Every structure is written in structure tokens, then in C-alpha cells.
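Participant: There's a structure below that I have some questions on.
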Amino acid sequence: MNLHGILPACLCPFTPELALDRAALASHVDFLARQAGVGGIVCNGHAGEVSSLARAERVAVLTTVTETVARRVPVIAGVSAESTAEAVEHAQDAEANGADALLVFPPHVWLRMGKNERAPREFFRAIRRAVRLPLAIFQYPVWTRASYSTGQLLDLTAIDGVVAIKMGTRDMIRYETDLRLLREHRPHVAVFTSHDEYLLPTLVVGADGCLVGFAAIVPELIASLFAAVQEGDLKAARAHADRLFPLTQVLYHREPFGDCHSRIKEALVMMGRLPSAAVRPPLVALDDDERRAIGAVLRAAALLPR
Amino acid sequence: MEPMDFGGVFPANITPLTEAFEIDRRALERHVGYLAGVPGVKGIVCNGHAGEVTALSRAERRTVTEVAVAAAGGLPVISGVCCGGTAEAIEHARDAQRAGARAILLCPPETWLVSREPGAAPAFFRAVTSAIDLPVVVFQYPYTWANATYDTPTLVELAQIPGVIAVKEAPWEVNRYEDDYRALRAAAPHVKVLCANDEHLFLSYVIGSDGTLVGFAALVPDLVGALWRAVGAGDLARARELHDRMLPLVKTVYRQPPIARRHTRLKEALVMLGRLERAVMKPPRLPLPPEERDAVKRALMEASLL
């Protein structure tokens, strides 16, 4: 498996009654799969509101995505669970339903409780024993207790079958330190930046692509930014970054950060690409001020349909 | 007074001391003379944190400024003003003017490290700027020093006060650097943004800067200048080469806990490079332990400086 380029983490459209809208999901994912520079689709991630989806719904999302994408690009399924046993169940579901790889989330209990030094390795090994699919590690920001140390990253990537990392480090010295060690000791592992809100610096340091929810709304802009950095064209890269910035600000720079996917949904509705911006509780709908701010940025960026 | 040319490197200098912990005037003169002669250096900053300002008496700070002005060969000298209250800051700023400084670098009053009232920052800056003749550089502190750092709207407000000519932008983080940089560009384009993001110079330059005012440049003014110019010219390959060369040294100086030793490490490195006779620090700072000296030496060798 040779993952590269832009890997959008897709949204999960709901009807206004909060049921899965499979038709809207198909249309959303089909659009993404058609974009130049897209090297895969990630579903059942944070952008896909995975923690709000029941087990059967996660399967439904995956089957809709794999049917729609129809092997144009790899499909990576998020696996997010609190226990190893549950993670294994989700992993097996994904393997049985056409996923090409898995993006393994850390159990969120680690955020509050911390984790034993040996726990991550055991967790990944258990999943690896249960399925034959390639695995991607989700690295959380360094200030969270679910983040893996440099040593743990090297450990986890030594496991046969671990092929990629979604790097959300948010500390550029750690990002670079880890990247260099991985390049040297784990050259087969693809490193994807997960820094939606500061792509340019991470791409300049180095990455095999971008695995981000941001690419579910502007895949073509992010693909252009990636290409410019790959070509060493700083001037072009800065121009693309300048174009992205107002959108970055309105989607990611407001508190709470966690409303970013609600904002992306609203934006996609305004762009005519989603029928409803409904999000599942405990997420709440955005207020009018926020919607206006998003609309204004989209208008100024000429992203609204004419 | 003609406007200062900030388009280059302003090393934030260390303060050489004798064995008796007094200002070593001759060593300071020699070091400032050296810095002033490096191509790309456009001015000298004294009495900053790298200069151990908080441990220097008022008289010592005056001496440092006088010696620096005499040795800078006509280049502008900016003196740090780092005090407990407004009245003291004004006195120190007037001292700096009498000593020949062309501007002051205004630090947050010490109590803001604990807590800061809304409105206090603009009030402080207005009080100082209206009481002195010298222009002011705003010192934007690291985001981890939470209450003494300015949020972006406050920073923009400060930048719009008459008399403010530049911001020493040292959030110690890349995302905040970008937010501040872009906001200042948009709302206060006459104010120069001077990158002071010691650990993240390369990436911060990529995001953008009008110049660079930083302690690390007191150690390697030529390399910092070359990096700044390479990024300015869009030469990513050359910039990366310089960044790669300096990275082990950056990490050794700024990343090893305890970071209380960062300026001691700078002085030790300067001793190893033959630019300082001794690395004596004002108490309460302690001499550098031998194993740390070895680490500094190794990092200098990795940077091909030794």
C-alpha cells in the first residue's frame, strides 16, 4: 500500500432528523474521489463524527464509501473505541466491509487517565492479531495524555503492518524530530500531516501528504499547496496558504476548536455540496453570527455557487 | 530621526560578566563589535532576556547600553526595558535614551506573569509611549507565559499606538506566530514584525517576517542571517540546509529541560567559539553542569562550528 497525497477525512451527512444520509454521503465522497491530488478517502474519523455513530452505522458509512469510491483510491476506516475488545470488533467490521486500511485512534480514556508505557504497543498488537489490514497510527497533540512519545512512535511503527501515521503533534520541534527518526529508521512508514490549521509549516518540514478534515471542503486548494511545497516553490506555496488562511481562521481559529466540523458542514451546505448541516448531539448547531462569518469568507474566496 | 532598517538580523545580546559577577565592559565591547561587523546584522539589542536583564541593576543596564552604543559602529541599539511598574519603565526608557539607544524593547511588567487585568496592556503602552521620545518595540511573550502574552486583538491594539514601530514576536509556537503576523500585516502594516521564535526560525520565516530579533543570533548571527535571507529569496533548499545544520544546536540550547539554562548554554557556546572568555551568569543562575557542556560542544560540532 503506497499512501500519498491528500487524504480527506470525510464528513458524515445526516438528515435533519439526524439519521444517516447515505445518498448525501455518496455524493460528498464521490466529489472528493474525483479531485486531482486525492490519494485516498478516510471515513469514520473525527470529521465523520465517529463517536456519534453506532457500530452498525459505522459499517453503513464504510460500505457507502467503498461502493461509491469503487476502488478509485484506497479507503481508510477510522477505528475509535474505548476498549481493545471493542476496537478489535470495529477493525474486523471494517475488514469485512471493504476497508483498505485502518486509522487507529487512541482510546479516549487515555486523555483523562493517562496510559501505561506498555499500553499502546499491546493495543496495536491486539488489533494486528485480529485483522490483516494495514494500520495507520493517529498521533494526538503533544499536550494531551493520549499522545505517543517519540520512543512509543518508533515502537509502534516497528510492528509489522503499521504503514502510516496521521501526525497531529502540534509542536514543530517534536514533529520534525519524530519525522527525521521515522525517515531514518522506518522509511516504509508514510507520514501525513494532520495540522489542518497550519499545513504550510508542516509540509515544509516534510510529509507524504495531508490527512485532514479541511480537505473535505477544499481538497483542490490543499492539493495545490502540497504540490507547491513538493516542488520547492515557496512563493506559490505562500500564495496558496494566503488563500487558505481566511477559511482556516473561520473554521479552526474560533473557540471551541471542536465545532470545526459543524462549521465545515455549514460551509458545504452554503457551497451546495451538502443538503443539511445537522450534527449529532452533544454537538449543538452554530449561531447566526458564526454562519454569517462563514458565509462572508466563502463569498470573499469566491467559493459560493454563482 | 530616520526610521530604523529592520530588514535583517538584530541579535539579542548576552551580557558578559567578570568572575565577580560584574559587567565585563571590555568583553561586551568586543562582542558587540563582533556582532556589528557580521554582514546582515542591522542593529543590536541589549538588556533583553538573553542579556539577563532582570538580574541587572538599573545602573548596570545603563552601562550595558552605553558600552553597546559605543561599540556598535553606528548601528542602532535597542535597549530592553523590563520593569515592575509603569513609572520605573519610563525611568529606564529615559536612561536608555540618554545612553544613546535608538528604541526600547518594552517587556510586560513582571506581575502580568501571574495575572493581567483587561485594558492594562494598552494603558501601560500608552503611558510609556507618551512619556518618552524613543520609539517602542512590543515584546510578545511565549504563549506558555499565558497571562503576560497578548492575544491577537490586544497585540493589534498595541501596534496601533503612536510610537510603536515593531513587535518582537516570540510566542514560541508556530500557529500563534502566524495568527499574530497576519493580523499585524492586515491591521498595522507600518509596524515591523520581527521574528523571535528561537526554536522555530525557519518555519516562522516561511510564514513571514520583516526581520529577525532573537537571542540565538547572538550565537550564530551569520547563520541566522543566511537562513532569513534564503527564505526571503524563496530558496527552500538552501534554507533547509541551514535549518538542518542549526537544529541540533537549537534543541540543545532551547529544548533540554530546564530551559532556565538556555542563556547559560548560549554563553558556554560562545566561550567554546572563542568569543567570550567566561560563561559566568548573574546569580541565581548556576554554572552549567559538565554533561551539559559536553552536549553544547557536540551540538556545535554537528553545526560545523567547531
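Participant: Going 7 Å from the Cα of A:GLU122 along its beta-carbon direction, which residues of the stretch A:81-109 have the amide nitrogen within less than 17 Å of the resulting point?
Facilitator: It comes to A:82-88, A:106-109, nothing else.
Participant: Which of the pairs B:LYS192/B:LYS267; B:LYS42/B:LYS297; B:LYS42/B:LYS282; B:LYS192/B:LYS282; B:LYS267/B:LYS297; B:LYS42/B:LYS168 have their Cα atoms more than 23 Å apart in this structure?
Facilitator: B:LYS192/B:LYS267; B:LYS42/B:LYS297; B:LYS42/B:LYS282; B:LYS192/B:LYS282
Participant: Counting every Cα pair in the stretch A:1-78, what percent are over 19 Å apart?
Facilitator: 27
Participant: Could you give the length gained by full extension between A:SER51 and A:PHE257, i.e. 0.36 nm per residue of separation minus their alpha carbon distance, to one decimal place?
Facilitator: Difference between extended and current length: 72.5 nm.
Participant: Oh, and also: Suppose every K and R has +1 on its Cβ and every D and E has -1 on its Cβ; what is the size of the dipole of chain A about the Cα centre, in Debye to the nearest 20?
Facilitator: Once rounded to the nearest 20, the dipole reads 300 debye.
Participant: Got the relative contact order for the stretch A:223-291 handy, in percent, Cα pairs under 8 Å and 6 or more residues apart?
Facilitator: Worked out over the stretch A:223-291, it gives 19 percent.
Participant: Nearest 20 debye, what's the magnitude of the dipole of the protein assembly as shown about its Cα centre given +1 on Lys and Arg Cβ and -1 on Asp and Glu Cβ?
Facilitator: 700
Participant: Set the Förster distance to 35 Å, then compute FRET efficiency between B:ARG25 and B:GLU292 from the Cβ-Cβ distance, nearest 0.05.
Facilitator: Calculated transfer efficiency: 0.80.
Participant: Using only alpha carbons, build the gyration tensor for the stretch A:206-306 and give me the equivalent ellipsoid semi-axes, biggest first, whole Å.
Facilitator: 26, 15, 12
Participant: Using the Cα centre of the stretch B:138-204 as origin and beta-carbon charges of +1 (Lys, Arg) and -1 (Asp, Glu), tell me which of B:LEU158, B:VAL191, B:TYR141 is placed farthest towards the positive end of the dipole.
Facilitator: Sorting the options by dipole projection puts first B:VAL191.
Participant: Could you tell me which of rounded, prolate or oblate describes the stretch B:1-111, using a ≥ b ≥ c as the square roots of the eigenvalues of the alpha-carbon gyration tensor, with rounded for a/c under 1.5 and, failing that, prolate when a/b is larger than b/c and oblate otherwise?
Facilitator: Judged from the Cα gyration tensor, the stretch B:1-111 comes out oblate (a/c at least 1.5, b/c at or above a/b).
Participant: Something else about it: Can you compute 3J(HN,Hα) from phi for each residue in the stretch A:21-32, using the Karplus curve 6.51 cos²θ - 1.76 cosθ + 1.60 with θ = phi - 60°, rounded to whole Hz and x for Gly and Pro?
Facilitator: Running phi through 6.51 cos²θ - 1.76 cosθ + 1.60 with θ = phi - 60° gives 9, 5, 5, 5, 5, 4, 5, 4, 6, 4, 4, 4 Hz.
Participant: Among A:TYR252, A:PRO187, A:ALA23, whose Cα lies farthest out toward the positive end of the dipole of chain A, if unit charges sit on the beta carbon of Lys, Arg (+1) and Asp, Glu (-1)?
Facilitator: A:PRO187
Participant: Write down the Kirkwood hydrodynamic radius of the stretch A:133-276, to one decimal in angstroms, obtained as one divided by the mean of 1/r over all alpha carbon pairs.
Facilitator: 16.1
Participant: Next question, about the same structure. Contour minus end-to-end for B:GLN256 and B:THR18, with contour as 0.36 nm per residue of separation and end-to-end as the Cα-Cα distance?
Facilitator: Length gained, B:GLN256 through B:THR18: 83.0 nm.
Participant: Same structure, new question: Projecting each Cα onto the charge dipole of the protein assembly as shown (Lys/Arg +1, Asp/Glu -1 at the beta carbon, about the Cα centre), which of B:ILE44, A:LEU225, B:THR129 comes out farthest on the positive side?
Facilitator: B:ILE44
Participant: Work out how much length B:ARG185 to B:ARG278 would gain on full extension: take 0.36 nm times their residue separation and subtract the Cα-Cα distance, in nm to one decimal.
Facilitator: Stretched out fully, the B:ARG185 to B:ARG278 stretch lengthens by 29.3 nm.
Participant: Kindly rank A:160-166, B:268-274 from highest to lowest mean number of other beta carbons found within 10 Å of each residue.
Facilitator: The most tightly packed comes first, giving A:160-166, B:268-274.
Participant: Next question. Run through all the Cα pairs of chain B and give the fraction in each 10 Å bin from 0, expressed as whole percent.
Facilitator: 6, 30, 38, 22, 4
Participant: What does the helix-only formula give at 222 nm for chain A: each DSSP H stretch with n ≥ 4 adding -39500 (n - 2.57), the total divided by the residues, and the result rounded to the nearest 500 deg cm²/dmol?
Facilitator: Mean residue ellipticity at 222 nm (helix-derived): -14000 deg cm²/dmol.
Participant: Now for a different question. Which parts of the stretch A:35-64 would a label at A:ALA239 reach, counting a residue when its backbone N lies under 20 Å from a point 7 Å out along Cα-to-Cβ?
Facilitator: Backbone N within reach: A:36-37.
Participant: Order of A:117-126, A:99-108, B:110-119 by packing, highest average Cβ count within 10 Å first?
Facilitator: Ranking, from highest mean packing down: A:99-108, A:117-126, B:110-119.
Participant: Moving to a separate point now. So which residues of the stretch A:161-185 lose at least 20 Å² of accessible area, probe 1.4 Å, when you go from the chain by itself to every protein chain present?
Facilitator: A:ASP171, A:MET172, A:ILE173, A:GLU176, A:THR177, A:ARG180
Participant: Here is a further query. Quick one: buried accessible area between B and A, total over both chains, 1.4 angstrom probe, nearest 100 Å²?
Facilitator: That pair hides around 2000 Å² of surface in total.
Participant: Taking 25 °C and 0.890 mPa s as the conditions, I'd like the Stokes-Einstein D for chain A in µm²/s, using the Kirkwood hydrodynamic radius from alpha carbon pairs.
Facilitator: Result for D is 127 µm²/s.
Participant: Another question, then. Convert each backbone phi in the stretch B:241-246 into a coupling constant with the Karplus relation 6.51 cos²θ - 1.76 cosθ + 1.60 (shift: θ = phi - 60°), then list the ³J(HN,Hα) values in order as whole Hz, x for Gly and Pro.
Facilitator: 4, 5, 4, 4, 5, 8
Participant: Say R0 is 56 Å: what FRET efficiency, to the nearest 0.05, do A:ARG132 and B:LEU306 get from their beta-carbon distance?
Facilitator: 0.65
Participant: Here is a follow-up. Return the carbon/sulfur percentage of the accessible area of the stretch B:1-119, one whole number, probe 1.4 Å, all protein chains in place.
Facilitator: 51
Participant: May I ask you to find the residues of the stretch A:218-250 that are shielded by at least 50 Å² of accessible area once the whole protein assembly is considered instead of their isolated chain (probe 1.4 Å)?
Facilitator: A:LEU234, A:ARG238, A:PHE245
Participant: Where in the stretch B:215-248 does accessible area fall by at least 10 Å² between the isolated chain and the complete protein assembly, at a 1.4 Å probe radius?
Facilitator: For the stretch B:215-248, once contacts with the other chains are taken into account, B:VAL231, B:GLY234, B:LEU236, B:ARG240, B:HIS243, B:ASP244, B:LEU247 lose 10 Å² or more.
Participant: Moving on. Using Cα pairs closer than 8 Å and at least 6 residues apart in sequence, work out the relative contact order for chain B, in percent.
Facilitator: Rounded, it is 18 percent for chain B.
Participant: By its C-alpha gyration tensor, with a ≥ b ≥ c as the square roots of the eigenvalues, how is the stretch A:99-218 shaped: rounded for a/c under 1.5, else prolate for a/b larger than b/c, else oblate?
Facilitator: rounded
Participant: For an R0 of 30 angstrom, estimate the FRET efficiency from the Cβ-Cβ distance between A:MET1 and A:LEU111 and round to the nearest 0.05.
Facilitator: So the FRET efficiency works out to roughly 0.55.
Participant: Right, something else. With a ≥ b ≥ c taken as the square roots of the eigenvalues of the C-alpha gyration tensor of the protein assembly as shown, please select rounded if a/c is under 1.5 and otherwise prolate if a/b is larger than b/c or oblate if it is not?
Facilitator: Prolate.
Participant: Could you check the spin-label model distance between A:HIS185 and A:GLU86? Points 7 Å from the Cα along Cα→Cβ, value in nm.
Facilitator: Result: 3.2 nm between the two label points.
Participant: Under the Karplus relation 6.51 cos²θ - 1.76 cosθ + 1.60, θ = phi - 60°, what is the ordered set of whole-Hz ³J(HN,Hα) values for the stretch B:3-19, x standing for Gly and Pro?
Facilitator: x, 6, 8, 8, x, x, 9, 10, x, 8, 6, 7, 10, x, 10, 7, 4
The values are calculated or read from the model by the stated rules, or taken from the named source; none is laboratory data. This structure is a prediction, so every number in the text was calculated from the model and none was measured. As a convention, Cβ positions derive from the backbone with ideal geometry for all residues, glycine included, and neighbour counts pool all protein chains shown. To get the accessible areas, we keep the full protein, side chains included, count just its heavy atoms, and leave off ligands, DNA and RNA. Shrake-Rupley method; radii C 1.70, N 1.55, O 1.52, S 1.80 Å.
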